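S.K.: Attaching a single structure in structure tokens format; questions to follow.
The values are calculated or read from the model by the stated rules, or taken from the named source; none is laboratory data. Treat the numbers as computed from the prediction; the structure is a model and nothing was measured. Using ideal geometry, Cβ is built from the backbone for each residue, glycine included, and neighbour counts are taken over all protein chains shown. Side chains included, ligands, DNA and RNA excluded: accessible areas come from the protein's heavy atoms. Shrake-Rupley method; radii C 1.70, N 1.55, O 1.52, S 1.80 Å.
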Amino acid sequence: MEIGRRTQSQRTALTRRRLLEATVDCLIAHGYAGTTTHRIAARAGVTRGAQVHHFPSKEALVVAAVEHLAEQRVRVALRGHGHSRSEADPAADVLAFLWDTHQGHMFVATMELWAAALTDDVLAGHVARVERLVNQAVIAAVGELLAGCDAQQALRNAIYTAMDVLRGILVASFAERGPEQVRRRWERATVYLAPLLTDALSADY
């Protein structure tokens, strides 16, 4: 019986992961408006009944998918920086970590939801909830990156400011489609952000 239950649990987790990954793929390929539950189920290779069983609405599915992807990006970035962090320049570590967590599909998919939430009050509520969770995960990850530092208000404010700047740069880059220019803009911004983080770290330690 235990083996059967465990197998069912594994099948459930696999189905959910396929749906979440297919949703992100659809958001990237078709945008929020073109992302339909039929299209997601087909890409995931599951039935519409299975999709509805796990996620009863398109909003629930796309928000869960972006939350899932964001959490993955934070974990991957944290693992990478955990082995290469600089004891001499923790502010640079934090800025590099923030850059990495905003690369790849996560931010593009998130932008699709932000844009759609402008005219969809239900979706806006879901997006606001997920944004809080993602931001909390980033703050917690920075604490781990800095050897268990418990981020106080000054450091949290500095991190939020840095994320606001980075997201603004990334949004502006969508029309230009030049990754090298995006990186240059971020490097220019870090010249001003690094002292802010350094001061905040000094205040918190």
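S.K.: Can you confirm whether the range 13-34 contains a residue that is polar (S, T, N, Q) and free of Cβ contacts under 8 Å to residues at least 24 places away in the same chain?
M.R.: No, there is no match, as no residue in the range 13-34 is polar (S, T, N, Q) and free of Cβ contacts under 8 Å to residues at least 24 places away in the same chain.
S.K.: Please give the number of the condition Arg39 fails out of (1) open to solvent by less than 40 Å² (accessible area, probe 1.4 Å); (2) in contact with a helix residue (DSSP H, G or I) (Cβ under 6 Å, 6 or more places away or on another chain).
M.R.: Exception for Arg39: condition (1).
S.K.: Then there is this: Among (1) under 26 Å from Ala92 (Cβ atoms); (2) in contact (Cβ under 8 Å) with a residue 24 or more places away in the chain, there is one condition Gly168 misses while meeting the rest; what is its number?
M.R.: Only one criterion is unmet by Gly168, namely (2).
S.K.: I'm checking my understanding of the structure. Among residues of the range 175-193 that are of a type in the set (A, V, I, L, M) and open to solvent by less than 30 Å² (accessible area, probe 1.4 Å), which one is modelled with the lowest pLDDT?
M.R.: So the residue we want is Val182.
S.K.: Out of Ala140, Ala172, Ala162, Ala128, I need the residue that is buried (at least 16 other Cβ atoms within 10 Å of the Cβ) and in a helix (DSSP H, G or I). Which one?
M.R.: Ala162
S.K.: OK, next. Does Val108 satisfy the criteria of being surrounded by 19 or more Cβ atoms within 10 Å (Cβ to Cβ), modelled with pLDDT under 85 and under 30 Å from Gly31 (Cα atoms)?
M.R.: no
S.K.: Could you tell me which residue of the range 55-75 is nearest to Ala41 (Cα to Cα), considering only residues that are in a helix (DSSP H, G or I) and open to solvent by 70 Å² or more (accessible area, probe 1.4 Å)?
M.R.: Step by step, filter the range 55-75, then rank; the result is Glu71.
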